[in-house]
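A.B. asks: Before anything else, here's the structure in question.
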Amino acid sequence: MKFLKWNQLAHVGEQALGQALGHVNVLAGRVMEGTLRLGVTGLRRSGKTVFVTSLIDNLIRGGRLPFMDVIAANRFLAARLRAGPDRTSPRFSYEKYLAALTASPPHWPAATTGVSQLRLALRFLPTSPLRRSIQPMATLNLDVIDYPGEWLMDLPMLNQSYRDWSTHTLELTEHQPRRQLGARWLHWLSTVTPDLRPDESLAREGAALYTDYLHACRRSQSNLSLVQPGRFIEPGELAGTPLLTFCPLPPGNGEPRAHSLWGLMNERFEAYKSMVVRRFFVEHFARLDRQIVLVDVLGMLNAGPAALYDMRMALTACLEAFHHGRGGWLSRLTGHQIDRVLFAATKADHVAASQHTNMRNLLDMLVSEARNAIRFEGATVDTLALAAVKCTETVTTEHQGRKLACIQGTPLGRQRATVLFPGSIPDGPDLFPENVSQPYRFLDFEPPAGVGRDGRGLPNIRLDQALNFLLGDHLA
Amino acid sequence: MTNTSYQDMGRPASAWQAPVELDLHHPDPAASPAASAAAGSAGHQRNDTAGLVALAAWPQWSWAVPAFLGGLATLVLVALAFDATDLMGRSFASSSVLGVLVTVVLAMTVGTAIKLALDEMISIRRLRHIDSLRAEADSLARANGHGSALAFADTLGDFYAGRADLAPALHALGHTVNDAHSDAEVIALIDRQVLSALDQRAYRCVLMASRDTAIATALSPSAALDVAIVLWRNLKLVREVATLYGARPGQFGSWRLMRRMLANLAVAGVTDSVGHVAIDALGGSLAAAISTRLGQGMINGLLTARIGIAAMTLCRPVGFSADNKPNLRRIRSELMSVPKEVL
Ligand SMILES: Nc1nc2c(ncn2[C@@H]2O[C@H](COP(=O)(O)OP(=O)(O)OP(=O)(O)O)[C@@H](O)[C@H]2O)c(=O)[nH]1
Ligand SMILES: [Mg+2]
């Protein structure tokens with residue numbers, strides 16, 4: 001009966017240990033909180049604000065994320081909003097956006113004009129027995145920020161001198177449709193030389209014409225993405241300040257005089273870089289752990305080959321700056337690495353679900369260079385097609401004797417739901433048929449009436465898979 | 001920056017269909033959710049599940065054997081019928097009370113015999129049905145299609161219709177699956193939301209059974225008793241697992257399942273050979289190496305575990321995916337801790 005005694009002894013020991021650990025738990029539960037900064041990256045109107053709103057709503061309600069492992073395994077306890085870590089920047093007004101989306105009639109959020117942030121605390125049960133014995137409940141603080149997509153285009157400028165930037169911008173303007181959109185500014189350029197006296201009113205005139213040109217790029221049919229500097233379009237709190245009064249000048253050969261128009265513009269460009277761009281990115285982008293890049297491929301297909309090409313160039317340029325794995329140049333400012341990047345084609349609900357594979361393949365093709373570069377640096381990359389807020393249903397209809405996978409929903413600006421075949425996404429590299437003038441017309445949709453009323457979170461497509469990829473390992 | 005030119009993206013697309021709006025004002029009455037449109041796509045009935053020996057593929061006897069058995073059975077039946085009528089006639093002759101009694105007993109015997117036979121037939125039918133479900137799920141998960149898996153989910157719902165323990169999970173599944181999920185995603189959802197809970201329970205059954213056999217073999221005084229215990233326990237385990245997944249095998253059905261299980265041990269994802277298991281078992285713990293009885297106990301336990309896992313693989317209406325394959329590792333480590341508790 002020696003065995004029994006030993007057993008009892010062990011049991012007593014176990015209890016004592018359990019109690020001791022119980023005390024530690026109380027402390028550890030507070031102290032040991034993980035933090036994860038998620039960078040939501042995307043050009044203008046790519047769906048950042050809607051994505052963040054849906055992410056928060058779905059994590060708080062937890063009813064529509066079956067592919068998140070922590071939820072499927074019943075280990076997720078709850079999520080709660082907290083104040084962001086940075087007390088100086090405004091809070092992301094999740095409640096306002098959600099209220100607008102679920103109002104009747106529902107509204108999409110307006111274009112974002114400034115930066116905002118929010119922290120979401122996620123409580124869950126860890127899987128590993130070891131971790132559970134120290135800490136039965138774990139907390140992960142998820143930090144997200146939202147900002148105008150235009151500002152992202154400032155990022156590549158950080159790595160350029162005024163001369164480089166001017167050369168590059170002027171090169172771009174040599175091609176249509178930019179050449180025509182910038183005609184007035186180009187005309188002005190032909191009337192000035194960089195060696196002119198540094199005249200404030202001249203600088204203002206140039207900047208104003210250049211800003212008009214940038215606005216025209218945005219508005220034009222071709223919906224161009226590579227529009228720098230971003231604050232000229234979306235100035236935030238900087239509207240009217242001298243920081244925004246510069247524009248590219250044709251670099252002459254040889255060094256221009258310091259006391260000249262060139263000198264003035266150069267100085268402003270450098271000030272813009274250090275006081276606006278660098279500060280913004282160091283504050284908000286430097287310490288990212290995970291990144292999701294939202295790409296509106298449907299909008300680009302609508303806008304045509306020039307827009308698609310432009311977007312591809314813009315994305316590649318922006319992503320170069322992030323520190324993925326080892327060795328991005330933003331790392332000089334920080335020591336942080338992004339170890340997982342997800343490229344997501346947004347607004348997947350604008351096409352029938354059977355098109356999602358093609359949509360994903362198209363995205364794969366568009367971001368292939370950036371993706372390979374990030375992989376090379378050692379970060380994990382994935383792509384998928386998602387919709388942060390699902391506004392349509394896929395239905396099958398008969399049309400001229402053919403079975404078509406269509407969608408049913410209310411197109412933007414209309415009152416009633418309709419069934420339509422939105423067009424299909426090509427499954428090869430040949431995107432634009434030559435003989436058709438505007439092959440793609442993917443419509444935008446209104447959020448469905450009464451969306452999110454069931455309290456399970458906003459309906460979505462593959463948000464769970466996206467979150468599982470981005471956060472899953474931190475919730476294990 | 002990219003060097004691709006505009007022209008790279010401007011070549012003609014092959015089959016291009018212009019966008020159309022089908023009906024502006026009232027949604028087309030012909031428009032139906034993708035699911036029901038695809039309900040007819042039952043072209044997936046394949047009977048050979050990847051790597052598993054199909055039920056029909058059992059040793060094919062020549063025509064003579066069934067003919068002989070059938071003839072024999074008919075003769076016996078006819079003889080029994082004659083005997084029965086004779087018996088009845090004789091009982092009625094002696095007393096009508098006795099006659100009625102004998103008739104009632106006879107009727108009951110015949111009735112239960114028929115019921116047993118029917119049960120066996122149904123159980124075999126269910127096993128076949130599970131095979132076809134698994135084949136269908138497999139092809140759906142691979143095909144990269146869309147819309148057909150909802151019909152499969154319905155079929156599975158019907159299959160588990162009477163199961164109160166699965167009702168909440170099936171109900172929840174109906175809520176989570178929507179028209180945007182691809183077939184592979186629907187199958188994955190069925191896997192995680194409905195079947196993974198069953199897996200946990202099955203796993204527990206396997207664990208208990210392998211412990212039982214391990215301990216029984218280690219403690220039993222005679223080899224003959226071992227064999228009997230192990231055989232009985234394994235049969236019980238197969239029945240438990242099969243019942244859990246809805247196969248409900250009868251007596252005969254479990255024997256069949258058991259034989260099939262043995263034939264499948266090598267292919268059902270349980271790849272390590274018996275020798276390997278033995279080495280594991282012996283090398284795993286000093287106690288085992290010292291005592292051959294203990295070693296045998298553990299080998300038997302692991303064999304039982306393998307049979308249980310094979311049963312899980314064969315009775316699951318959706319095949320295990322790469323990331324949730326049941327593994328021997330956990331069972332092995334549990335078994336290693338048995339001897340210390342027993343002694
Ligand atoms: N149907 C559908 N439309 C979406 C979805 N996400 C975004 N949209 C549409 O895209 C528009 C832009 O989305 P936003 O989230 O405001 O885009 P953003 O990236 O924040 O844009 P900026 O703030 O200008 O940078 C919305 O007004 C919607 O019309 C989605 O998940 N589904
Ligand atoms: Mg926004």
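A.B. asks: Output the Cα-based Rg and Dmax of the range A:382-423 in Å, rounding Rg to one decimal and Dmax to a whole number.
C.D. replies: Answer for the range A:382-423, Rg first and Dmax second: 12.5, 38 Å.
A.B. asks: Per residue of chain A, what 222 nm ellipticity follows from adding -39500 (n - 2.57) for every DSSP H run with n ≥ 4, rounded to the nearest 500?
C.D. replies: Estimated from H runs of four or more residues: -11500 deg cm²/dmol.
A.B. asks: Provide the buried accessible surface between chains A and B in square angstrom, both chains summed, 1.4 Å probe, rounded to the nearest 100.
C.D. replies: Buried area between the two chains comes out at roughly 4500 Å².
A.B. asks: Sticking with this one: Of the peptides A:375-384, A:286-295, A:175-184, how do they stack up when ordered by the mean number of other Cβ atoms within 10 Å, highest first?
C.D. replies: A:286-295, A:375-384, A:175-184
A.B. asks: To continue, here is another question. Between their Cα atoms, which of A:96/A:347; B:236/B:325; A:48/A:273; A:273/A:390 are more than 32 Å away from each other?
C.D. replies: A:273/A:390
A.B. asks: Kindly give Rg over Rh for the range B:108-262, based on alpha-carbon atoms, with the Kirkwood expression for the hydrodynamic radius.
C.D. replies: With Rh from the inverse mean 1/r over Cα pairs, Rg/Rh is 1.07.
A.B. asks: Another question, if that's okay. In peptide A:428-440, what is the residue-averaged number of other protein chain Cβ atoms found within 10 Å of each Cβ?
C.D. replies: Counting Cβ atoms of other protein chains within 10 Å of each residue's Cβ and averaging gives 4.
A.B. asks: Could you provide, to the nearest whole Å², the per residue accessible area of the range A:160-279 with probe 1.4 Å?
C.D. replies: Solvent-accessible surface per residue comes out at 48 Å².
A.B. asks: Please give the helix A:200-219 orientation as an angle from the longest Cα principal axis of chain A, in degrees from 0 to 90, rounded to the nearest 10.
C.D. replies: Around 60 degrees separate the two axes.
A.B. asks: Two-decimal Rg/Rh of the range A:160-279 from alpha-carbon positions, Kirkwood Rh?
C.D. replies: Here the Rg-to-Rh quotient is 0.94.
A.B. asks: Hey, what D do you get for the range A:243-386 in µm²/s if you plug the Kirkwood alpha-carbon radius into Stokes-Einstein at 25 °C and 0.890 mPa s?
C.D. replies: Rounded, D is 140 µm²/s.
A.B. asks: Next question. Please compute, for peptide A:311-317, the average count of beta-carbon atoms on other protein chains lying within 10 Å of each residue's beta-carbon.
C.D. replies: Going residue by residue through A:311-317 and averaging, the value is 2.
A.B. asks: Can you give me the % of accessible surface on the range A:403-468 that is carbon or sulfur? Probe 1.4 Å, all protein chains present, nothing else counted.
C.D. replies: Result for the range A:403-468: 43 percent of the exposed heavy-atom area is carbon or sulfur.
A.B. asks: Got a sec? Which residues of the range B:151-193 lose 50 Å² or more of accessible surface with every protein chain in place, vs. that chain alone, 1.4 Å probe?
C.D. replies: The answer is B:179, B:180, B:185, B:192 - residues whose exposure falls by at least 50 Å² when every protein chain is included.
A.B. asks: For chain A, what number results from the quotient of the Cα radius of gyration and 2.2 N^0.38 Å?
C.D. replies: In units of the globular-protein estimate, chain A measures up at 1.13.
A.B. asks: Just how large is the dipole of the range A:160-279 about the Cα centre, in debye to the nearest 20, putting +1 at every Lys and Arg Cβ and -1 at every Asp and Glu Cβ?
C.D. replies: Value, rounded to 20: 260 debye.
A.B. asks: Over the range A:218-309, with a single point scatterer placed on each C-alpha, what log10 of the ratio I(q)/I(0) does the Debye formula yield at q = 0.12, 0.21 1/Å?
C.D. replies: For the range A:218-309, the Cα-only Debye profile gives -0.60, -1.09.
A.B. asks: Of all accessible surface on the range A:160-279 at a 1.4 Å probe, what whole percent is carbon and sulfur?
C.D. replies: On the range A:160-279, the fraction of accessible area on carbon and sulfur atoms equals 51 percent.
A.B. asks: If you don't mind, there's one more thing I want to ask. Kindly rank A:236-242, A:109-115, B:74-80 from highest to lowest mean number of other beta carbons found within 10 Å of each residue.
C.D. replies: Taking the mean over residues of other Cβ atoms within 10 Å, the ranking is A:109-115, A:236-242, B:74-80.
A.B. asks: Quickly rank A:460-473, A:154-167, A:386-399 as a protection proxy: mean count of other C-beta atoms within 10 Å, highest first.
C.D. replies: A:386-399, A:460-473, A:154-167
A.B. asks: How well do other chains shield peptide A:59-72, expressed as the mean number of their Cβ atoms within 10 Å of each residue Cβ?
C.D. replies: That average works out to 2.
A.B. asks: Give me the Kirkwood hydrodynamic radius of the range A:165-205 in Å, from all C-alpha pairs, to one decimal place?
C.D. replies: 11.3
The values are calculated or read from the model by the stated rules, or taken from the named source; none is laboratory data. Here the structure is a predicted model, which is why all the values come from computation and not from measurement. Cβ sites come from the backbone with ideal geometry, for glycine too, and all protein chains shown count toward neighbours. We work out accessible area using only protein heavy atoms, side chains counted, and drop any ligands, DNA or RNA first. Shrake-Rupley method; radii C 1.70, N 1.55, O 1.52, S 1.80 Å.
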